[in-house]
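Novice: Sending over a structure as structure tokens; questions will come in a sec.
The values are calculated or read from the model by the stated rules, or taken from the named source; none is laboratory data. Computed from a prediction, not measured in an experiment: that's the story for all the values here. Note: ideal-geometry Cβ built from the backbone for every residue, glycine included; neighbour counts use all protein chains shown.
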Amino acid sequence: MDPTALTYLEHLTDGDLAVLGDPARLRAEPDRILERIARPDTYEAVFGPGGATEPFLRASPFLTFGVAVHRAAEELGASTFTREWVAPRQRVPVFDAHVLRDFAGDPLRRLFLVELLASYTHVASGSVWVQTSRGWRRRRFSELDPVRLASLLEVIDERDRPGVYRRLGDLALFLTGVFPDHTALHDMGGVGRSRLLRAGGLTDLDPSGEAGGVSILEALGPRWYRLAVRQVRGPLTGTMRATADMAAHFVDARRILNFVTDRFLFPFRSQWFGLSGG
């Protein structure tokens with residue numbers, strides 16, 4: 001039995017299984033789940049007439065993104081080029097669809113991207129108290145703000161650092177993959193940029209050009225993933241092995257998310273993820 005299929009089964013709701021077919025049979029034969037998610041009739045059930053206005057009414061976020069990612073992999077199989085994001089509102093054709101096709105052909109990579117997208121429909125935010133030279137201060141954080149998230153590295157215990165580094169890598173991939181225009185145009189400020197560079201172990205990075213924040217996060221994302229892996233004590237879990245793979249293929253993963261977003265997610269991004277912009 002494919003362990004990836006079991007992970008899908010753990011995420012899917014009873015309603016999701018009903019969308020995919022016979023729930024009892026799918027629970028007994030999880031390997032059928034991956035085949036069902038990739039079928040054109042499943043895509044129509046989630047994104048077709050009726051679902052096109054709000055897919056979450058028909059399926060959970062996990063199944064919705066699973067269908068989108070698997071559909072993208074299928075479409076790449078018949079493509080010779082993709083439209084590559086290069087700057088806000090600018091795409092250029094790149095004739096290397098085979099590279100993305102090979103990347104998306106790995107079921108573990110598809111699962112990683114599906115889980116990543118689903119995780120940002122409900123993000124964590126809050127504050128922690130830290131002791132400074134001026135006494136105790138409240139420090140706010142948000143999983144959608146890389147500068148504030150990186151600031152947690154200055155105050156958390158060492159054992160918690162791999163999780164924060166992993167989430168910083170996730171956020172870099174999510175922002176550059178799903179909201180590249182917003183990310184490129186967002187002004188991090190000098191202090192914020194310096195904090196991010198320190199969190200990634202970089203002394204300097206020139207974000208010149210229209211790519212702006214995308215170039216910064218595209219450089220830092222794989223470094224954060226690698227730092228997450230390096231600081232884990234003991235054998236790597238499957239999640240951390242996937243994290244190491246994403247560090248090695250960060251740009252390909254970002255391009256796949258650009259493709260998925262342009263093809264399937266664009267109309268819904270703001271309401272699903274709480275961000276605006278391209």
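Novice: Can you tell me how many residues within region 77-99 are part of a loop (DSSP other than H, G, I, E, B) and crowded, with 18+ Cβ neighbours inside 10 Å?
Specialist: We begin by selecting, within region 77-99, every residue part of a loop (DSSP other than H, G, I, E, B); these are 77-81, 88-89, 95-96.
Right, trim to crowded, with 18+ Cβ neighbours inside 10 Å and you get none.
Going through region 77-99 one residue at a time, the tally reaches 0.
Novice: Follow-up. Give just the number: which of (1) modelled with pLDDT of 90 or more; (2) surrounded by 13 or more Cβ atoms within 10 Å (Cβ to Cβ) does G50 not satisfy?
Specialist: For G50, the failing item is (1).
Novice: Here's another thing I want to ask about it. Filtering region 200-247 down to residues that are under 15 Å from the mean Cα position of the chain (by Cα) and charged (D, E, K, R), which residue is modelled with the highest pLDDT?
Specialist: D245
Novice: For region 31-54, how many residues meet the condition of being closer than 20 Å to W272 by Cα and either β-branched (V, I, T) or touching a Pro at 6+ places or on another chain (Cβ under 9 Å) (or both)?
Specialist: Here the count works out to 4.
Novice: Filter region 109-135 down to residues that are of a type in the set (A, V, I, L, M, F, W, C) and under 15 Å from L152 (Cα atoms) and give me whichever is modelled with the highest pLDDT.
Specialist: Quick first cut of region 109-135, residues of a type in the set (A, V, I, L, M, F, W, C) only: 111-114, 116-118, 123-124, 128-130.
Imposing the further condition that a residue be under 15 Å from L152 (Cα atoms) reduces the set to 124, 128-130.
Details: A124: 69, V128: 58, W129: 54, V130: 54.
Step by step, filter region 109-135, then rank; the result is A124.
Novice: What pairs can you find where one residue is in region 173-200 and closer than 10 Å to A150 by Cβ, the other is at pLDDT 85 or above and among the charged types (D, E, K, R), and their Cβ atoms are less than 6 Å apart, with a gap of 6+ or different chains?
Specialist: Filtered contacts from region 173-200: G200/R223.
Novice: Could you tell me which numbered condition L185 fails, if it satisfies all but one of (1) of a type in the set (A, V, I, L, M, F, W, C); (2) at pLDDT 85 or above; (3) surrounded by 18 or more Cβ atoms within 10 Å (Cβ to Cβ)?
Specialist: Looking at each condition in turn, L185 falls short on (3).
Novice: Select from region 9-38 the residues that are more than 23 Å from the chain's Cα centre (by Cα) and not in a helix (DSSP H, G or I) and write down the one among them that is surrounded by the most Cβ atoms within 10 Å (Cβ to Cβ). Please lay out each step first, then the result.
Specialist: Filtering region 9-38 down to residues more than 23 Å from the chain's Cα centre (by Cα) leaves 14-15, 17-32.
Then drop every residue that is not not in a helix (DSSP H, G or I), which leaves 21-22, 29-30.
On the way: G21: 16, D22: 13, E29: 12, P30: 19.
Going through the qualifying residues, I end up with P30.
Novice: Yes or no: D102 of a type outside the set (G, A, S), surrounded by fewer than 17 Cβ atoms within 10 Å (Cβ to Cβ) and either touching a residue at least 12 places away in the same chain (Cβ under 8 Å) or under 18 Å from D22 (Cα atoms) (or both)?
Specialist: Working: of a type outside the set (G, A, S): yes; surrounded by fewer than 17 Cβ atoms within 10 Å (Cβ to Cβ): yes; either touching a residue at least 12 places away in the same chain (Cβ under 8 Å) or under 18 Å from D22 (Cα atoms) (or both): no.
In short, no.
Novice: Restricting attention to region 136-165, report how many residues are modelled with pLDDT of 85 or more and either of a type in the set (S, T, Y) or over 21 Å from V191 (Cβ atoms) (or both). Can you show your working first?
Specialist: Step one: filter region 136-165 for residues modelled with pLDDT of 85 or more, giving 144-153, 157-165.
In the following step, the residues that additionally are either of a type in the set (S, T, Y) or over 21 Å from V191 (Cβ atoms) (or both) were identified as 151, 157-163, 165.
Total satisfying the criteria: 9.
Novice: Still on this structure, I have one more. Can you name the condition, by its number, that G221 falls short on among (1) without any contact (Cβ under 8 Å) to a residue 12 or more places away in the chain; (2) crowded, with 19+ Cβ neighbours inside 10 Å; (3) not polar (S, T, N, Q)?
Specialist: Among (1) without any contact (Cβ under 8 Å) to a residue 12 or more places away in the chain; (2) crowded, with 19+ Cβ neighbours inside 10 Å; (3) not polar (S, T, N, Q), G221 violates only (1).
Novice: Give the number of residues within region 1-58 that are acidic (D, E) and touching a residue at least 24 places away in the same chain (Cβ under 8 Å). Spell out the reasoning first.
Specialist: Kept after step one, since they are acidic (D, E), are these residues of region 1-58: 2, 10, 14, 16, 22, 29, 31, 35, 41, 44, 54.
Narrowing the set further to residues that are touching a residue at least 24 places away in the same chain (Cβ under 8 Å) leaves 2, 16, 31, 54.
Here the count works out to 4.
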